[in-house]
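**Q** Here it is, the structure in full.
What follows is calculated from the coordinates using simple rules that are stated; it is not laboratory data. This structure is a prediction, so every number in the text was calculated from the model and none was measured. Every residue, glycine among them, receives a Cβ derived from its backbone with ideal geometry; neighbour counts consider all protein chains shown.
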Amino acid sequence: MTDPITASLEPVAAPTRVASTLTMTASVQRGTFRLDVDVTVEPGEVLGVIGPNGSGKTTLLRALAGLTPITDGRITLGDQILDSVQPAAFVAPEQRPIGFVFQNYRLFPHLNVRDNVAFAPRCRKAGRKQSRLIADHWLHRLRLADLAERKPAQLSGGQAQRVALARSLAADPGLLLLDEPLAALDARTKLEIRAELRRHLTEFPGATLLVTHDPLEAMVMADRLIVIEDGRIVQHGDPASVARRPATQYVARLVGLNLYRGTLGSYGRIILRDNAGTLVTTRHLPADDPPPGPVLVAIRPTAIAVHTARPDHSSPRNIWAGMVTGLELLTDRVRAQVTGRPSALVDLTPDAVAELDLVEGSEVWLSAKATDLDVYTDPQ
Amino acid sequence: MSPRRSYPHRSVRESGQRGVPALIAAPALVAFAFLLLPLAALLVRAPWRGLGRLLSESDVLTALRLSLECATAATIAALVFGVPLAWVLARMRFPGLGLVRALVTLPLVLPPVVGGIALLLALGRNGIVGRHLDEWFGITLPFTTAGVIVAETFVAMPFLIVTVEGALRTADRDIEEAAVTLGASRLTVFRRITLPAIGPSLVAGSILCWARALGEFGATITFAGNLPGTTQTMPLAIYEAFEHDPEAAIALSLVLLLVAVIVLVALRDKWLRGPASL
């Protein structure tokens with residue numbers, strides 16, 4: 001607090017709200033689409049929300065903001081009911097203590113950066129001078145002081161993103177909602193802003209929901225993760241475990257894992273669903289093993305080996321035939337799409353591809369060690 | 001090899017822009033001359049020497065002032081009632097919206113004289129509404145200055161409505177939503193977000209509306225008559241002057257031409273350049 005500007009402005013924008021817990025147990029029905037969620041976010045916690053397009057992530061944020069009323073259930077922030085069907089209660093969006101950072105920022109094009117940030121204080125009946133002080137405080141904190149007089153059209157993507165964040169924080173929200181805040185940025189800017197955004201989210205005392213479809217973004221910024229698909233929460237947990245043991249194909253694809261659904265029988269034998277063949281897993285300590293029944297099997301693409309002839313004398317216990325149906329060059333390796341029972345993504349070195357003379361249509365054998373299969377109980 | 005060889009598309013397009021085909025150039029020239037010739041004639045035949053005298057006659061000034069006042073009043077009326085209607089047309093969803101929009105724009109294509117007769121039947125002394133206005137409130141519109149304003153508003157308001165509705169329709173609803181999440185009431189959103197966004201269209205629509213009202217003839221003469229000092233606006237004065245004093249009519253016409261040019265310049269420079277000027 002040696003910086004005189006920060007010091008003098010601190011009292012102005014000191015958080016006046018008591019940080020409170022968000023709970024939402026509600027449904028939103030829109031035509032044939034239905035979102036059903038049950039989430040709790042503690043003060044200071046960042047809940048990451050990932051899921052495919054149209055899964056209901058944005059609807060979730062809009063319901064919390066009051067832009068889309070819920071059709072069943074209740075949303076509360078601390079003691080305050082924001083939206084409730086039974087008994088009926090609804091706090092209008094402009095009355096809610098929220099900050100919403102939109103994917104495309106939605107800055108006001110006719111107002112300069114300072115007036116954009118001062119907008120919320122002005123709406124909350126702070127005087128012109130007070131509003132400017134609050135705006136200047138946040139501009140300073142987000143390193144935007146030099147851009148105060150600029151119009152949004154004169155900002156770079158990263159700057160606009162920071163202005164959008166400053167504008168939301170200047171509203172002194174008790175709940176922060178971020179809808180794919182970094183999606184509109186180029187890769188390099190994304191890297192910079194991500195670290196900075198993470199710092200601001202850590203400092204933010206209230207509950208935060210961060211919608212993203214970038215698994216890395218979720219890992220870096222979220223304390224906890226929920227995966228929404230088709231309007232339902234299909235998985236929740238800390239980001240690392242969600243990434244290591246995905247519950248759905250969507251997440252598996254995001255984090256680059258092969259994922260199979262099947263039934264674990266005796267002797268570590270797993271019969272895969274949809275007639276996709278069988279796999280064999282080793283028996284670990286009893287405590288580690290999932291009980292027989294529905295399981296998920298995750299295999300890293302690097303853990304699968306490709307052979308041109310059936311490998312008879314090797315140790316792996318999973319061997320099956322397939323056909324290469326796609327080859328894609330990633331940065332330092334080649335990802336082969338192999339159709340078979342089961343189909344799999346396999347990562348190879350470019351050298352190996354040349355050596356094995358792989359092209360689309362090549363008949364191959366795949367092998368995976370039993371120990372490289374991560375087998376866990378299917379949560380669904 | 002010349003570089004042009006390697007960019008065949010570009011060179012074709014360039015040569016296409018250099019010369020206009022005769023089949024297009026000839027009628028284009030005719031159209032241009034046709035639009036310009038009468039205005040040129042007006043300037044050529046204008047009694048420049050007696051202009052000061054002709055325009056200083058009190059009748060002229062009275063008519064000009066009445067025209068300006070009535071057109072301004074009609075524009076204000078159009079703003080007060082037309083902008084909310086434009087908002088409803090742009091933002092509300094209800095059955096029959098398309099029909100309402102069509103009816104609102106009908107005066108744009110309706111011959112003004114028909115509008116004048118329709119106004120008489122509605123608001124005239126024996127009109128379906130005018131009868132009661134007269135009976136209950138003692139208000140008579142036809143053949144009064146208020147009648148002129150009513151006739152001009154009827155004809156000119158759709159110009160404003162159509163312009164503003166278009167702007168409201170294309171205005172960014174997303175930033176209005178962002179304003180709401182920041183705590184703005186509906187009124188604040190309209191005042192601080194929507195209005196600035198449609199400002200240029202509001203001005204353009206008002207100028208169009210005002211210019212149309214200023215030139216109004218058919219509906220005015222039918223509904224409000226042609227009483228000097230009360231309902232005789234410039235176009236009516238010009239028409240009347242033309243029958244006994246053509247030189248005066250030309251002089252008056254020059255005044256309206258000047259007003260039209262001013263309006264055009266105002267529109268061109270400030271508001272008709274499209275979104276880039278924002």
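**Q** Pull up all non-local amide H partners of A:Gly48: gap of 5 or more, or a different chain, and H-to-H distance under 5 Å with H placed in the peptide plane.
**A** Amide H to amide H, under 5 Å and 5 or more residues apart or across chains, A:Gly48 pairs with A:Leu210, A:Asp223, A:Arg224, A:Leu225, A:Ile226.
**Q** If you don't mind, there's one more thing I want to ask. Given an 8 Å cut-off on Cα distances and at least 6 residues of separation, report the relative contact order of chain B as a percent.
**A** Relative contact order comes out at 27 percent.
**Q** Calculate the length of the line joining the C-alpha centroid of the stretch A:155-173 to that of the stretch B:19-65, in whole Å.
**A** 55 Å
**Q** Can you run phi through the Karplus equation (6.51, -1.76, 1.60; θ = phi - 60°) for the stretch A:325-337 and list ³J(HN,Hα) in whole Hz, with x for Gly and Pro?
**A** 10, x, 10, 10, 8, 8, 4, 10, 8, 10, 9, 9, 9
**Q** Estimate the FRET efficiency between B:Asp172 and A:Thr21 by the formula 1/(1 + (r/R0)^6), using the beta-carbon distance for r and 45 Å for R0, to the nearest 0.05.
**A** Step by step, r from the Cβ atoms, then E = 0.85.
**Q** Debye sum, Cα scatterers, the stretch A:4-244, no solvent: what log₁₀ I/I(0) at q = 0.12, 0.15, 0.16 1/Å?
**A** Each listed q corresponds, in turn, to -0.67, -1.04, -1.17.
**Q** Ok, one more. Determine the relative contact order of chain A: mean sequence separation of Cα pairs under 8 Å and six or more apart, normalised by residue count, in whole percent.
**A** Reported as a whole number, the value is 16 percent.
**Q** What's the FRET efficiency of B:Arg268 with B:Asn126 using the Cβ-Cβ distance as r and R₀ = 56 Å, to the nearest 0.05?
**A** 0.75
**Q** Expressed in whole Å with the largest first, what are the equivalent ellipsoid semi-axes of the stretch A:256-377 derived from the C-alpha gyration tensor as the square root of 5 times each eigenvalue?
**A** 26, 14, 13
**Q** So, one more: In the protein assembly as shown, what is the volume of the convex hull around the alpha carbon atoms, normalised per residue and reported in Å³?
**A** Looking at the protein assembly as shown, the number lands at 305 Å³ per residue.
**Q** Please report Rg over Rh for the stretch A:76-184, where both radii come from the alpha carbon positions and Rh follows the Kirkwood definition.
**A** My calculation puts Rg/Rh at 1.02.
**Q** What nm distance separates the two modelled labels at B:Ile139 and B:Leu227, each placed 7 Å from Cα along Cα→Cβ?
**A** Label-label distance for B:Ile139 and B:Leu227, simple model: 1.8 nm.
**Q** Measure off 7 Å from each Cα along the Cα-to-Cβ vector at A:Ser241 and B:Leu61, then give the distance between these two points in nanometres to one decimal.
**A** Reported label-point gap for A:Ser241 and B:Leu61 is 9.1 nm.
**Q** To continue, here is another question. Which whole-number percent gives the relative contact order of the stretch A:256-377, counting Cα pairs below 8 Å spaced six or more residues apart?
**A** 32 percent
**Q** Average projected area of the Cα convex hull of the stretch A:174-257, in nm²?
**A** 5.8 nm²
**Q** Have a look at A:Thr281, A:Ala218, A:Ala92 and report the one farthest towards the positive end of the charge dipole of chain A, computed about the Cα centre with Cβ charges (Lys/Arg +1, Asp/Glu -1).
**A** A:Ala92
**Q** Using a Förster radius of 56 Å, what is the FRET efficiency between A:Asn53 and B:His244 based on their Cβ-Cβ separation? Nearest 0.05, please.
**A** The calculated FRET efficiency here is 0.15.
**Q** What list do you get for A:Thr281, B:Thr75 if you sort them by fewest beta carbons within 10 Å?
**A** Lowest to highest Cβ neighbour count: A:Thr281, B:Thr75.
**Q** What distance in nm lies between label points placed 7 Å from Cα along the C-beta direction at A:Ala153 and B:Ala102?
**A** The modelled label-to-label distance comes out at 3.8 nm.
**Q** From the square roots a ≥ b ≥ c of the eigenvalues of the alpha-carbon gyration tensor of chain B, which class results: rounded (a/c under 1.5), prolate (a/b over b/c), or oblate?
**A** Oblate shape, in that a/c is at least 1.5 and b/c is the bigger or equal ratio.
**Q** Could you tell me which of the pairs A:Lys129/A:Lys151; A:Lys57/A:Lys125; A:Lys57/A:Lys129 are separated by over 30 angstrom between their Cα atoms in the structure shown?
**A** Table pairs above 30 Å Cα-Cα are A:Lys57/A:Lys125; A:Lys57/A:Lys129.
**Q** Let me ask you something else. Mind checking the full-extension length gain between B:Arg91 and B:Arg45? Use 0.36 nm per residue of separation minus the Cα-Cα distance, one decimal, nm.
**A** 11.5 nm
**Q** A further question follows. Taking amide H atoms as placed 1.01 Å from N in the peptide plane, list the residues 5 or more away in sequence, or in a different chain, whose amide H sits under 5 Å from that of B:Asp172.
**A** For B:Asp172, whose amide H was placed from the backbone, there are no distant partners under 5 Å.
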